[in-house]
Amino acid sequence: KLVVVLGVLSAAFAVYGSLSSITSFASLAFIAVFGGMSYLAFRERDRIDDLWRPVPLLGMVGSLAFFPLLLYNLFRTSPGTFYLVVAITAFVLGVELLYFEGDPLDHVPALGSD
């Protein structure tokens, strides 16, 4: 089901958006995922053997700094793309919350566990 939703969103970007909106949404998604993974690595830093502790912290700080900067740049340079990206992000988050109906991280095993 989720693959179908992603396909429909991709088609919507292709029909109503532009290459700029597709790349902007992908950039924002990458920064969000990278920041989330950096947070998880920092949270589990005592369980990860070969982790230099400042690395995930730097990833979190960088993500928190660049996400709003990218949004601001998108708003200033291409307001239409900005609003389209915000609308699709809100839709995706809404679908995600409805799909999982709870805390999706309850089902994710901790790093380093078998």
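All of the numbers you see were taken from the coordinates with simple rules; none came from a lab. Because the structure is predicted, anything quoted here is derived from the model rather than measured.
Extension gain, Trp52 to Phe67, is 3.0 nm, computed as 0.36 nm per intervening residue step minus the present C-alpha separation. For Val3 and Ile22, the difference between the fully extended length at 0.36 nm per residue and the C-alpha to C-alpha distance is 5.1 nm.
Using the Karplus relation 6.51 cos²θ - 1.76 cosθ + 1.60 with θ = phi - 60°, the per-residue 3J(HN,Hα) values for region 61-67 come to 4, x, 5, 5, 7, 7, 4 Hz, with x marking Gly and Pro.
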